[in-house]
Amino acid sequence: MTVAPLDTDSPDIQRLDGRLRDLLAGKKIVMTGVTGFIGEQLFWKILTELPDTTPAVLVRRKGSATARDRMISAIKKPIFTNLREAAGGAAELLDSRVEVIEGDLPNVPELPADLDVVVHCAGDVSFDPPIDQALTTNVIGTKALMDRMLQAVSDENGDPRTVPHYVHISTAYTAGRRRGAILEAPHVHNIDYDAEAAAGLAMRELIEAESRTSERLAKLRKEAEREHRQAGFLTTAADTERRRLDWVQAELVKAGTERARSLGWTDVYTFTKALGERVVADIGRGVHVSIVRPAIVESSWKHPYPGWIEGFKMAEPLILAYGRGELPEFPATPEAVVDIVPCDHVVNAILAVCATQPEIGSPEYYHVNSGARNPLTFKDMYSNIRAYFTEHPFEGGPRGAARLPQWQFPGASSIERLLSSSERAHKLAERVLAQAPRSDRTRKIAKDLDRTRVRLDYLRRYHTLYQEYAQSELHFVDDNTFALTRALHPDDQAAFAFDTSVFEWKTYIQDVHCPSITAPVRRMDAIRRKRGSRPTTMKDLYKDTAGDAALAIFDLDGTIMSTNVIEQYLWARLPELSRTQQLAEIGQVMRRLPSYLRAEQRDRGTFLRAVYRRYRGADLAALERFVDHSMAPHILSRLSPEAVRRIREHRAAGHTTILITGVVRPLTRPIQPLFDVVIAADLGVDDEGRCTGFLTGPPVVGESRAAWLKRYAAQHEIDLDRSFAYADSHSDLPMLETVGNAVAVSPDIPLMRAASRNQWSVVEWKIKPITPRWALPS
């Protein structure tokens with residue numbers, strides 16, 4: 001719907017009596033949200049165009065950085081270059097033009113007594129924050145700011161000395177799930193914002209309490225055990241707590257969404273912003289109040305330069321995903337209006353509103369949007385974005401540029417069915433993969449499934465968040481805003497105009513917005529291509545760590561050697577048996593194999609103890625002689641040449657090489673010369689030197705490896721952050737997390753995924769045994 005232009009000669013339209021720089025000269029404008037998207041450009045505009053106006057910025061401390069430190073960092077950004085150079089530096093510009101107030105919402109400090117205008121830009125702008133967070137920022141924080149404003153301008157008796165102008169930056173979507181024309185007026189509802197705030201804060205306590213019940217904790221612990229049981233109890237416990245915190249966060253988000261929708265809003269963001277408007281109207285009855293409602297704020301049309309934007313806003317993730325071929329459809333109504341407005345138009349409108357003087361007790365509302373006079377439909381936006389990426393595709397990988405999807409706009413229900421069926425298929429594939437043996441092929445399938453999961457999670461998130469916005473039938477009337485832009489002084493039109501009908505969407509999307517948001521992505525892609533697949537933790541030892549006091553820790557089975565403890569036992573046991581006895585022994589091992597596998601899934605130490613029971617009665621000295629004389633070539637043939645080369649590189653670099661394995665010590669004898677320290681399982685013997693079937697101590701597996709390493713490093717004053725560890729199994733995750741340079745070697749699927757999360761290198765050390773696996777040492 002396009003609204004006809006107003007009759008600007010109407011006597012009802014208030015004209016601004018002069019230029020903005022004159023109307024706001026000598027004024028002190030207290031600002032919140034100055035480090036945010038709109039707030040930063042608003043701050044820049046005041047410093048650039050309003051030389052006699054003083055911005056007083058409320059900025060919170062962040063870690064060790066004070067509010068002043070943060071503002072100096074902000075002023076060092078490129079858009080402030082001219083201002084900074086003219087003032088002689090960032091600190092000089094800050095001291096000469098700006099008043100810094102250290103504080104935060106809702107803990108607002110005292111405000112300057114000489115304030116004239118308060119512009120509240122700060123707020124939680126995420127669509128799906130936890131309910132208590134959204135209410136704290138958008139409702140309780142707004143109330144606290146207004147209370148402080150009234151205190152600042154009142155005398156000791158509480159009577160106002162001056163009447164300030166409070167300008168509240170809200171959103172056009174406080175209209176919620178209404179349809180049709182939305183007037184520049186308060187939204188009618190009877191919701192008690194104090195009661196909602198109290199209930200929202202109490203919700204965190206309720207959900208926290210629920211997360212700590214035995215039923216909930218048992219469920220979360222079992223989920224963690226399924227994934228991390230082999231790594232140990234502490235790893236499982238840490239993951240259980242992570243899952244609990246994630247569950248609390250998700251439940252708080254769900255509570256906010258459902259509460260908002262139960263009352264007629266799309267999400268908790270628009271709901272709490274609407275409550276914030278009601279706070280402003282109630283508390284601001286004795287002051288001048290203006291409420292500015294921008295629509296979807298995107299990159300600038302002209303100022304500070306075309307395409308200026310800070311971070312990604314609402315449309316950017318979708319545009320970039322489409323350009324990479326990762327957004328096959330979108331749940332939009334093709335003829336629905338996507339109400340985008342450039343940031344500089346919003347900033348200009350805010351400053352023009354600051355120069356007005358609304359009637360006390362009668363707030364004025366302003367919609368800053370494009371849909372009323374220059375509507376852009378989703379179909380037209382899609383066509384422009386597709387045209388841009390057709391002309392300027394992202395540089396692709398080996399397969400070339402991504403194939404751009406062709407949207408058919410099938411409707412939200414069709415997309416939901418497709419998405420749900422894809423999610424079910426992915427879960428089924430994960431269950432099948434969990435039963436597959438480890439191999440290069442299964443790792444490749446797992447990587448493909450991981451990419452699919454990320455894509456599905458992305459689609460699910462944005463389908464949920466944007467579905468209602470993409471199908472909305474809201475038409476924001478902007479009569480007040482249009483009248484205000486026409487009321488600008490002629491000399492202000494170049495710097496402060498905010499008439500959204502003046503630009504053409506093809507130019508804005510294809511020549512301004514898309515180039516701006518894709519430029520940093522293209523730069524990062526170029527850096528990644530230049531860097532290639534260089535690993536992050538598989539370092540050049542001679543270049544990066546030579547001479548350091550560091551450890552190099554290696555696992556044995558599956559890491560530097562292609563074997564397992566059952567195979568090793570059979571190597572040692574079968575040659576001394578007759579053919580009949582060999583068949584009987586193999587039969588017994590095979591019968592026990594399912595129980596061995598179940599034991600390994602529960603606990604690696606239990607599995608090793610069960611296997612090593614079979615050594616009972618063996619002559620330990622004879623076993624060692626057999627290993628030295630007969631098994632050594634067999635064992636050495638199973639070593640990876642790449643692994644041996646890496647071990648020797650560590651020794652040449654001056655590192656202490658350590659083998660940590662659950663294998664019985666006699667079987668490590670052929671490779672002991674490669675290592676400075678060997679930690680292995682020691683078989684217990686009786687008085688005659690025969691194995692008892694028990695170990696002399698617990699096998700060093702899982703979390704015990706990490707504990708041993710920490711103690712060894714402390715005793716020898718070695719920095720684990722500069723040390724290395726190599727392993728193949730998820731059970732070694734605690735050990736890998738202990739060092740600064742972890743490397744996953746031909747990993748199982750859980751370890752491969754952990755390596756991806758932690759940005760560890762993944763290497764494939766190929767092993768081609770000289771003898772077949774079924775051949776026995778003679």
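Spatial offset of segment 46-123 relative to segment 538-598 amounts to 64 Å, using the alpha carbon center of each. Based on Cα atoms of segment 290-445, Rg over Rh with Rh as the Kirkwood radius reads 1.13. The alpha-carbon positions of segment 571-625 define a convex hull whose volume is 83 Å³ per residue.
For the chain, the alpha carbon positions stretch 113, 57, 51 Å along the principal axes, listed from largest to smallest. Measuring between their Cα centroids, segment 661-733 and segment 274-300 lie 66 Å from each other. Atom-type composition of the exposed protein surface of segment 14-117 places 43 percent of the accessible area on carbon and sulfur (1.4 angstrom probe).
When the trypsin sites (Lys or Arg not before Pro) in segment 401-477 are filtered for DSSP coil states and for at most 12 other beta-carbon atoms within 10 Å of their beta-carbon, the remaining sites are R403. Taken per residue, the accessible surface of the chain reaches 46 Å², heavy atoms only and a 1.4 Å probe. Residues in segment 233-250 carry Karplus couplings, in order, of 5, 5, 5, 5, 5, 4, 6, 4, 5, 4, 5, 5, 5, 5, 5, 4, 4, 5 Hz; the curve used is 6.51 cos²θ - 1.76 cosθ + 1.60 with θ = phi - 60°, and Gly or Pro positions show x. Across all Cα atoms of segment 599-664, the radius of gyration (one decimal) and Dmax (whole number) stand at 15.8, 43 Å. The three principal axes of the C-alpha atoms in segment 604-736 carry coordinate ranges of 45, 30, 27 Å, sorted with the longest axis first. Per the Cα gyration tensor, segment 364-428 maps to an equivalent ellipsoid with semi-axes of 31, 23, 11 Å, ordered largest to smallest. Among R522, R528, the sequence by solvent-accessible area, most first, with a 1.4 Å probe is R528, R522.
Taking amide H as placed 1.01 Å from N in the peptide plane, V297 has its amide H under 5 Å from the amide H of V341, each at least 5 places away in sequence or on another chain.
Only the Cβ atoms of Lys and Arg (+1) and of Asp and Glu (-1) were treated as charged; on that basis the dipole of segment 97-199 about its Cα centre amounts to roughly 620 debye.
Counting only alpha carbon atoms, the long axis of helix 514-531 and the longest principal axis of the chain meet at about 20°.
Distance cut-off 26 Å, Cα to Cα: go down the list K76/K313; K28/K143; K254/K447; K76/K143; K447/K766; K313/K447 and report the pairs above it. In this structure, K254/K447; K76/K143; K313/K447 lie more than 26 Å apart at Cα. Multiplying each eigenvalue of the alpha-carbon gyration tensor of segment 316-372 by 5 and taking the square root yields semi-axes of 36, 14, 8 Å, largest first, rounded to whole angstroms. With each label modelled as a point 7 angstrom along the Cα→C-beta vector, the A610-T213 pair spans 3.6 nm. Taking a point 7 Å from the Cα of R285 along the Cα-to-Cβ direction, none of the residues of segment 85-124 has its backbone N closer than 11 Å to it. The Rg/Rh ratio of segment 91-215, with both radii computed over alpha carbons and Rh defined as the Kirkwood radius, is 1.06.
In a reduced charge model with +1 at each Lys and Arg Cβ and -1 at each Asp and Glu Cβ, the chain shows a dipole moment near 4400 debye about its Cα centre. Distance from the Cα centroid of segment 419-450 to that of segment 452-506 is 41 Å (rounded to whole angstrom). Axis of helix 641-652 versus longest Cα principal axis of the chain: the two differ by about 80°, to the nearest ten degrees.
Label sites at D159 and T464, each approximated as a point 7 angstrom past Cα along Cα to Cβ, lie 5.6 nm apart.
Gain on full extension, evaluated as 0.36 nm per residue between D721 and Q435 minus their Cα-Cα distance, stands at 99.4 nm. The angle between the Cα long axis of helix 37-49 and the main principal axis of the chain comes to about 50°, on a 0 to 90 degree scale. For a test of the definition: using alpha carbon positions, the gyration tensor, and the 1.5 limit on a/c, classify segment 14-120 as rounded, prolate or oblate. Oblate.
The values are calculated or read from the model by the stated rules, or taken from the named source; none is laboratory data. Everything numeric in this text was worked out from a predicted model, so none of it was measured. Note: ideal-geometry Cβ built from the backbone for every residue, glycine included; neighbour counts use all protein chains shown. To get the accessible areas, we keep the full protein, side chains included, count just its heavy atoms, and leave off ligands, DNA and RNA. Shrake-Rupley method; radii C 1.70, N 1.55, O 1.52, S 1.80 Å.
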